[in-house]
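Right, one structure below, let's go through it.
Rule-based calculations on the coordinates, nothing more; no lab input. Remember, predicted model here, so these are calculated numbers, not experimental data. Quick reminder, even Gly has a Cβ in these numbers, built from the backbone with ideal geometry, and neighbours come from all protein chains shown.
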Amino acid sequence: MATLSIPTLTTLMEAQAALHASMATDKVVVLYFTGEFCGPCKRIKPTVLELADTYASQLSFYMVDIETTPLVAHFAVKSVPTFVFIRRNIIIHTQTGADASLLELTCRLMAKTAFPEIQ
């Protein structure tokens, strides 16, 4: 069963704290940039919640509402939905669009790469 929600980041300080916390666990952080107005974002959100639940031990998902945060400029987000994958404070992949199959594949690969012993 999917989690009901994922944490929301609104400030650069919150993002830095999330990235710092991920360093202790070596998890991949997934920033999900979305907007209330965005139809594709609404369509992919159930998939994002399911993936956050499925890969909870390997990936840490955070939602970022582009209308309420300066993080959009910091991560150079041009459209939504955008997913930024970060490991050890390095952006390792950025993906734009609401392709659920591609997002599932990307999460599976990120989890397998970060934690090959679990797969």
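Here residue 108 and residue 43 are evaluated by their C-beta separation; at R0 = 25 Å the FRET efficiency comes out at 0.80.
The packing ranking, built from the mean of other Cβ atoms within 10 Å per residue, places the peptides 62-70, 37-45, 80-88 in the order 80-88, 62-70, 37-45, highest first.
A simple rule links phi to the HN-Hα coupling: the Karplus curve 6.51 cos²θ - 1.76 cosθ + 1.60 with θ = phi - 60°, which for segment 18-32 gives 5, 5, 5, 4, 5, 5, 5, 9, 6, 5, 7, 8, 10, 8, 9 Hz, with x for Gly and Pro. A crude spin-label estimate for the pair residue 36 and residue 74, with each label 7 Å from Cα along the Cβ direction, gives 2.2 nm. Under 5 Å from the amide H of residue 93 lie the amide H atoms of 85, each residue being 5 or more positions distant or on a separate chain, with H modelled from the backbone and absent for Pro and chain starts. Write down the percent of antiparallel bridges among all DSSP beta bridges whose residues are both part of the chain, to the nearest 5. Of the beta bridges lying entirely in the chain, close to 60 percent run antiparallel. Coupling constants for segment 38-52 follow from the phi torsions by the Karplus curve (6.51 cos²θ - 1.76 cosθ + 1.60, θ = phi - 60°), and in residue order they are 8, x, x, 5, 5, 5, 8, 4, x, 5, 4, 5, 5, 5, 4 Hz; glycine and proline get x. Taking 0.36 nm per residue of separation and subtracting the Cα-Cα distance, full extension of the segment from residue 115 to residue 14 would add 33.9 nm.
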